[in-house]
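Notes follow the structure.
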There are 2 protein chains.
Amino acid sequence: MGKQFATRAENYSEWYNHLVEKADLAEHSAVKGCMVIKPYGYSIWEKMQQALDQMFKDTGHENAYFPLFIPKSFFSKEASHVQGFAKECAVVTHYRLKTAPDGSIVVDPEAKLSEELIVRPTSETIIWSTYKGWIQSYRDLPLLINQWANVVRWEMRTRLFLRTAEFLWQEGHTAHATAEEAVEETTRMLDVYADFAENWMAVPVIKGRKTANERFAGALDTYCIEAMMQDGKALQAGTSHFLGQNFAKAFDVKFTNKEGKLDYVWATSWGVSTRLMGALVMAHSDDQGLVLPPKLAPYQVVIIPIYKGLEELEKINAKVEEIRKSLIKKGIRVKYDNRDTQRPGWKFAEYEFKGVPVRIAIGPRDLESGTVEVARRDTKEKEVLQMVDLDNKIAHLLENIQDNLFKKALSFREQNISRVDTYAEFKKVLTEKSGFVMAHWDGTPESEERIKQETKATIRCIPLKQEEADKKPGVCIYSGKPSEQRVVFALSY
Amino acid sequence: MGKQFATRAENYSEWYNHLVEKADLAEHSAVKGCMVIKPYGYSIWEKMQQALDQMFKDTGHENAYFPLFIPKSFFSKEASHVQGFAKECAVVTHYRLKTAPDGSIVVDPEAKLSEELIVRPTSETIIWSTYKGWIQSYRDLPLLINQWANVVRWEMRTRLFLRTAEFLWQEGHTAHATAEEAVEETTRMLDVYADFAENWMAVPVIKGRKTANERFAGALDTYCIEAMMQDGKALQAGTSHFLGQNFAKAFDVKFTNKEGKLDYVWATSWGVSTRLMGALVMAHSDDQGLVLPPKLAPYQVVIIPIYKGLEELEKINAKVEEIRKSLIKKGIRVKYDNRDTQRPGWKFAEYEFKGVPVRIAIGPRDLESGTVEVARRDTKEKEVLQMVDLDNKIAHLLENIQDNLFKKALSFREQNISRVDTYAEFKKVLTEKSGFVMAHWDGTPESEERIKQETKATIRCIPLKQEEADKKPGVCIYSGKPSEQRVVFALSY
């Protein structure tokens, strides 16, 4: 506990892995590439789900559930889609095991499927094959559906939360009568994601569009939110796709419009995943452990008694029960750790490591003076507070911490965005400073690809909003050809 | 809509299928054996999940997530477990597709897994292999974990919700220091399930133990709740297993007890699934459509305006907005359907078919007299109510409907439980009356198996509680050998 692991400066990657595993968020499973999400980590994910789910419902979406398996032939119907996912598909070929003559358990060769099933890496194909039965007329549109599910994309090199063979996510799949409505939905959901990232995760994001190279397989346009981690790398935290009529054409989904004419339906899809857990850890945590934004922390407050002997503890217990009730009444999530098997110092370190936003310590002298010691995890500041009106003080403090985390992350990002005009400068910044680099690009996949090969930096997005200076035309740092605006380059997760 | 489909008396099975599909609960997918859960159906499932999840948390459980895939070797470690599930396993053998020379998409033979992966049919094996890393001492116990997940059990003959290749469920997996604690947990969760079935679903259940024949593969004891459907058949609505030390031994999970000695850990597992959706439909619905208990209905109240012309509609809209707000404030889920594209009669039939517990109709004359017409779905009774205090009246009515549905189902079950003392009577009741049959059984798998072969009736459970008369010893209806108590026989889903 404490400092017995790599600091961010020493080894960022090791620091991250240690934190995720030792703070009980997740661990590698015995199944290659798959993770186990542990109760403490899952509790954060549940809070993310609840907040997002409410935002989806508030924007008119309903949840549904579609099959885990996709017939290979469905998967192949949209050409660029299958090309994009073919190399990472888990394939079910048989449906039975049997006992071999030597007593071992083997796959029964007689139970071979006539058509292989793909474990969904994403559900556009199975969903659009279903929508064919649901959509006949403009009256059936828009169809606004979301699914919470597990998906599988086979990965050889995995990292907990950031890249795993199986992960949890939500995928929205909507159908519209016009291209305009579909584009509007695409950006609406991008805004929902940005809102969630900034106001719940306290992670500032840049909204933008992907280049053609980086688009979702099957999309006409991919929008994304990009966040900066503490090592200066970018993490794509959510994507929203305008799919045009590609999937409607692949699955022959037509509708009668108001004029009585048949047309193909317009589509969007959008998703965020347990990857957000990785972003949360990497955006705020420090060398002493996790730092969780109050809105997503399993416990927002931990109360620890400082005592000698059970008689003192009992007195403290009685007082804490009052405090606990008043905090719960305020909607605050509180844990009281009065286990007699661990010392206060051990508990302090434990909850610091687990990122609990506020710690309240209370001892016999506090009982006398009507005070408690309150420590905040983000700045590590401590103060002695009167118990009077403590619930309001703590509620206010939690808001303050949430706010502070966002501002700190925003300030870090601003300090780590560079503007460069030459390729030499570009490479220098990437090597020496890292962070996001705003630079001109000629708009061709060729320049983009060469820059990626030579520097590993990719175009994270073409920002939707940017400062006046960045919107001005210029020349591409690589080719010297004309460029309309600067784009965001970065190394990324 | 209305009566243009089979009644329960005409064809119970067709009635069920029609209801599930046309009331937008679920449909068969293009993937053999897998279903699509539609938004209306999923919304009911979400409410089931929320209620159960809270009950699990209130009894000290936390959620976590374990991998979808289970290595074949893990699966084989507990002998009876693999025997129980081997015949219905989806097996992943490859992890990549590729484009064949003819342009078609094929499984890449070079991407064959060195060890096949089973798509989880249940997670005991992967979870206990994980628990080995989590449990060292009695201080780590009990470990009380639940998982919400999809599972796959290959089925050739499927029925929506009742038997599908993929279904959604929750599976609790707990670890304990003693057999007594594990048994206590097993029955505690059985009680939670019974509480949920009776108080949320309004479905009365009989709690009992399964015979050895019907036990979960790997369990020492399986407890279940059994519900009676309107055709008299039994539906197993939830199971809770005492697993002894079987999985701890298979995965070598030992702990140091308080005396400092090493011992294997004691286990339970328990689950309910989307099967509950089938039970819900079959327990309450009638020949006019779904009948939903208010606690699980997506909308508890639908309000329908009766009007001529938009001017009248606008006046009604204004009044309904007041009503709607007061109901929402009371925590009631309300839908106001003022679409001008459908007539009131169509809407009445639609919401009756969808099982909305309460319908409020409001027209111009109601505005004048300060009244509304309120119709309840369960009894189809209508009454005109003064708008004054309407929120409380509706809240009370919803409680009344919830209560009435349970009582009606309980009374139906009581009328359809028979007590027989001879095999001839037994067969007669099964053929002529159906329902549950309380009869003596000698406790041997042989008699149980023969009765099943000859009548298709199985022992649903050995009830935990029963009337004095049933607890008395008697003689087995099949063998004439001594029997300690009557057990519940029935045809089942």
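The values are calculated or read from the model by the stated rules, or taken from the named source; none is laboratory data. All figures in this text were calculated on a predicted structure; none of them were measured in a lab. Every residue, glycine as well, gets a Cβ built from its backbone with ideal geometry; the counts of neighbours run over all protein chains shown. Only protein heavy atoms, including side chains, enter the accessible area calculation; ligands, DNA and RNA are left aside. Shrake-Rupley method; radii C 1.70, N 1.55, O 1.52, S 1.80 Å.
Can you pull the mean other chain C-beta count within 10 Å for peptide A:153-159?
1
Suppose every K and R has +1 on its Cβ and every D and E has -1 on its Cβ; what is the size of the dipole of region B:30-163 about the Cα centre, in Debye to the nearest 20?
The calculated dipole for region B:30-163 is roughly 340 debye.
Return the aspartates and glutamates within reach of B:Lys315: Cα separation strictly under 13 angstrom, same-chain partners fewer than 8 residues apart disregarded; answer none if there are no such residues.
Straight-distance partners of B:Lys315: B:Asp366, B:Glu368.
Which distances in nm, rounded to one decimal and ordered from shortest, link the label point of B:Glu381 to the equivalent label points in the other identical copies, with labels set 7 Å from Cα toward Cβ?
For B:Glu381, the other copies' label points sit at 6.3 nm, shortest first.
For helix B:309-329, what angle does its Cα long axis make with the longest principal axis of chain B, in degrees from 0 to 90 and rounded to 10?
40
Restricting to chain A, what percent of DSSP beta bridges are antiparallel, rounded to 5?
85
About its Cα centre, what dipole magnitude does region B:143-195 give when the only charges are +1 on Lys and Arg Cβ and -1 on Asp and Glu Cβ, stated in debye to the nearest 20?
Dipole about the Cα centre, nearest 20: 500 debye.
Could you work out what % of the accessible surface of region B:23-104 is carbon and sulfur, using a 1.4 angstrom probe and leaving DNA, RNA and ligands out of the count?
The nonpolar share, carbon plus sulfur, comes to 49 percent.
Aspartates and glutamates near B:Lys407 by alpha-carbon distance under 14 Å, same-chain residues fewer than 8 away left out - which ones?
B:Glu198, B:Asp378, B:Glu399
Classify region B:39-150 as rounded, prolate or oblate, taking a ≥ b ≥ c as the square roots of the eigenvalues of its Cα gyration tensor: rounded when a/c is under 1.5, otherwise prolate if a/b is larger than b/c and oblate if not.
It is oblate, given that a/c is not under 1.5 and a/b is not larger than b/c.
Roughly how many Å² is the accessible area per residue of region A:76-229, as a whole number, for a 1.4 Å probe?
Heavy-atom SASA per residue in region A:76-229 reads 35 Å².
Just read off the accessible area of A:Ser80 with the full protein assembly in place, 1.4 Å probe, to the nearest 10 Å².
Here the residue's solvent-accessible area equals roughly 60 Å².
Which residues, if any, in region A:31-80 have at least 40 Å² less accessible area in the whole protein complex than in the isolated chain, probe 1.4 Å?
A:Val31, A:Val36, A:Pro39, A:Tyr42, A:Glu46, A:Asn63, A:Tyr65, A:Pro67, A:Leu68, A:Phe69, A:Lys72
Using Cα positions and a limit of under 12 Å, work out the aspartates and glutamates in reach of B:Lys456, with same-chain residues fewer than 8 apart set aside.
Candidates past the 8-residue exclusion: B:Glu448.
Assign one of three labels to the protein assembly as shown, namely rounded, prolate or oblate, based on the Cα gyration tensor with a ≥ b ≥ c the square roots of its eigenvalues; rounded applies when a/c is under 1.5, prolate when it is not and a/b is larger than b/c, and oblate otherwise.
Because its axes are fairly even, with a/c under 1.5, the protein assembly as shown counts as rounded.
Averaged over its residues, how many other protein chain Cβ atoms are within 10 Å of peptide B:101-112's Cβ atoms?
3
May I ask for the angle, rounded to the nearest 10°, between helix B:344-353 and the longest principal axis of chain B, with both axes built from Cα atoms and the value confined to 0 to 90°?
The answer is roughly 20 degrees.
Out of the total accessible area of region B:157-292 (probe 1.4 Å, heavy atoms of protein only), what percent is carbon and sulfur?
43
Ranked from the most accessible area to the least, with a 1.4 Å probe and all protein chains present, what is the order of A:Arg376, A:Arg365, B:Arg96, A:Arg209?
Ranking A:Arg376, A:Arg365, B:Arg96, A:Arg209 by accessible area, largest first, yields A:Arg365, A:Arg209, B:Arg96, A:Arg376.
Put a label point 7 Å from Cα along the Cβ direction on A:Leu464, then list its distances to the equivalent points in the other copies in nm, shortest first.
Label-point separations across copies, in nm and ascending: 5.4.
Need one number: buried accessible surface between chains B and A, 1.4 Å probe, both sides summed, DNA, RNA and ligands left out, in Å² to 100.
Buried area between the two chains comes out at roughly 5100 Å².
Return the average number of partner chain Cβ atoms within 10 angstrom of each residue Cβ along peptide B:163-169.
The shielding value for this peptide is 2.
Looking at B:Ser492, B:Ala202, A:Leu310, which one has the Cα that reaches farthest to the positive end of the dipole of the protein assembly as shown (charges on Cβ: Lys, Arg +1; Asp, Glu -1)?
The residue sitting most towards the positive pole is B:Ser492.
Past 27 Å, Cα to Cα: identify those pairs from B:Lys347/B:Lys433; A:Lys22/A:Lys452; A:Lys329/A:Lys354; A:Lys112/A:Lys249; A:Lys329/A:Lys382, in the order given.
Pairs exceeding the cut-off: B:Lys347/B:Lys433; A:Lys22/A:Lys452; A:Lys112/A:Lys249.
Mind checking the angle between helix B:445-455 and chain B's longest principal axis? C-alpha axes, 0 to 90 degrees, to the nearest 10.
40
Relative contact order (percent) for chain A, with alpha-carbon contacts under 8 angstrom and 6 or more residues of separation?
The normalised contact order for chain A reaches 14 percent.
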